[in-house]
Amino acid sequence: MPHKTQIFQVSTLYGAATLAAALDAGRFGPRAGVRRILLVSNNAAVPETALRLDEMHGYRRIAARFDSVVSWNETIRPYHPSSWGPRANDTVIWQKAFRLAWGIGERDAVDLAVESIQVSPGRALAAIFSEAAVHVYADGLMSYGPTRDRLPLTMAVRIRRLLHLDLIPGLKPMLLSEYGVESEVVPDEAFRRVLDEIAEDSAGDPRLAPVLREKPTAVLLGQYLAAINILSDEEEQDLHIRMLTAAARAGHRSVVFKPHPTAPASYSSALSKAAADAGVRLTVLDAPLLAETLYRHAAPELVVGCFSTALVTACAYYDVPVGRVGTALVMERLTPYANSNRVPLAVVDHLVPDLERGETPAVLGAAPASLSPLVRAVGFCMQPERYPQLREPTVAWLERHLASTPGHYFPELRLAELGLPGSSPQVRAKVKVRYARRAVRKVVRRK
């Protein structure tokens, strides 16, 4: 008799925690009669030098929920997980190879749970197991934004649901909605239990002890925007110093900086000098810990960041007030306009108090009435072809609110390109000239 195998693809501990919470809450059905495989992918540019998932605290407890653990990197070596995908004619051969390597019977039904269907390895897995039902899970703010790439219809119709954390109650994800995919919330209580489990596993880490001794009242969340060519190294370093300055201005004299795992050491050294100049005790936590683990152990009074999902989880799961720094600059630098980071930035920019403008840190609650229309308008401007039904609401929203909305949300050039309200005749004329030149170049190339 055929059995069912569920394959859960993960690349981050946060994503693995989301899946663990969904499993604990019964979102993947009963345990009996089902084999569960955890498929681990390291998507770093140079995986051999990056922190592995199994080196992080809490990983082993999460992995214990599965019958076996498989390395995607080892399976497809020497190819890179983010760039490899099967040729269309080879998917049947690859499926047979993977079934044999992973001990999946030829007649066993397969379900897939992937963190992104738009890129590999999720897209590669969906192509190889072409008859499998697909469940997409989203572990951050990107779920509220539009789908980045168009999916083949044969793949889209197999997506059963989008599982996501309810980070901003009342805001519904846009991701995959154009394909009729319904979103399903991973219960808060289940996710918090998994976070507590991870925190307990990290309690004995000696790198955490110096942080707890200093009793920091504020946490600075480092980002690594230079790696994705949004900011320069110097600008990102300055962004972290601005976070420190904002925390100091808010009265905090003991601060912990949690750098991005791939950030260079120079970021921390520059920040240490700025802290000394400001009279602030700075502790750098360079350990394989989730930011949420730090919240649990240090119980800070403030979390400062740019647009990290960890800003929102500080409020959602630990009731810690938050403040933002630098979101406008990053939004202005994002290219192209359809960059998937745009909606997370817009959400944080709209909801989280700006510390550099003297606004008071706050614990975020349910989404205000103003948030969803704004996100839908930004989403339409990012991907107008995929959400044509949002054009009229976007036009109406712009006519009412554009004058009072900061310019980094809707650049005039983008509005002109889409024929939306808010662009000058001069900018519209430039866009027409640009399109005319493109048309001429296409004609020349055809000849």
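Throughout, read-outs are computed from the coordinates displayed, never taken from laboratory work. All of these numbers come straight from a predicted model, not from anything done at the bench. Neighbour counts are summed over all protein chains in view; Cβ atoms, including those assigned to glycine, are modelled from backbone coordinates with ideal geometry.
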_Where labels lie 7 Å past Cα in the beta-carbon direction, separation of residue 189 and residue 215 in nm_ = 3.4
_Interchain or long-range residues, amide H under 5 Å from residue 186's placed H_ = 164, 165, 166
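Against the empirical 2.2 N^0.38 Å scaling, what ratio does the C-alpha Rg of segment 205-431 come to?
Working: Rg = 19.1 Å, N = 227, 2.2 N^0.38 = 17.3 Å.
Segment 205-431 yields a ratio of 1.11.
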*Suppose every K and R has +1 on its Cβ and every D and E has -1 on its Cβ; what is the size of the dipole of the chain about the Cα centre, in Debye to the nearest 20?*
1880
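Using a 10 Å cut-off around each Cβ, can you sort 296, 249, 192, 107 from fewest to most neighbouring Cβ atoms? Can you show the working numbers first?
Numbers: 296 20, 249 12, 192 17, 107 9.
Ascending number of Cβ neighbours within 10 Å: 107, 249, 192, 296.
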*Contour minus end-to-end for residue 74 and residue 228, with contour as 0.36 nm per residue of separation and end-to-end as the Cα-Cα distance?*
52.9 nm
_Taking the number of other C-beta atoms within 10 Å as the exposure measure, put 409, 144 in order starting with the fewest._
409, 144
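Relative to the present Cα-Cα distance, how much length would full extension add between residue 277 and residue 51 at 0.36 nm per residue of separation? Intermediate values should be presented prior to the final figure.
Values: separation 226, 0.36 × 226 = 81.36 nm, distance 3.23 nm.
Roughly 78.1 nm would be gained on extension.
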*Gyration tensor verdict on segment 206-287 (Cα atoms; rounded if a/c is under 1.5, prolate if a/b is larger than b/c, oblate otherwise)*: oblate
_Considering the Cα positions of the chain, please state its Rg to one decimal place and its Dmax as a whole number of Å._
23.1, 73
*Leading residue at positive end of dipole, the chain (Cβ point charges), from 152, 231, 313*: 152
*Per the Debye formula with a single identical scatterer at each Cα and no solvent contribution, what log10 I(q)/I(0) holds for segment 4-193 at q = 0.09, 0.13, 0.18 Å⁻¹?*
-0.30, -0.66, -1.36
*Roughly how many nanometres apart are two label points built 7 Å out from the Cα toward the Cβ at residue 253 and residue 108?*
6.1
*Between segment 336-356 and segment 154-216, how many Å separate their Cα centres?*
19
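In whole Å and largest first, what semi-axes does the C-alpha gyration tensor of segment 159-315 yield when each eigenvalue is scaled by 5 and square-rooted?
Working: eigenvalues 185, 80, 38 Å².
Whole-Å semi-axes of the equivalent ellipsoid: 30, 20, 14.
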*asked:* Which residue, 169, 260, 398, has the largest displacement toward the positive end of the dipole of the chain when charges sit on each Cβ (Lys, Arg +1; Asp, Glu -1)?
replied: 398
*Count the DSSP beta bridges whose two residues both fall in the chain, then state the antiparallel fraction as a percent rounded to the nearest 5.*
0
*With just the Cα atoms of segment 228-356, tell me how far they stretch along each of the three principal axes, in Å, largest first.*
39, 32, 29
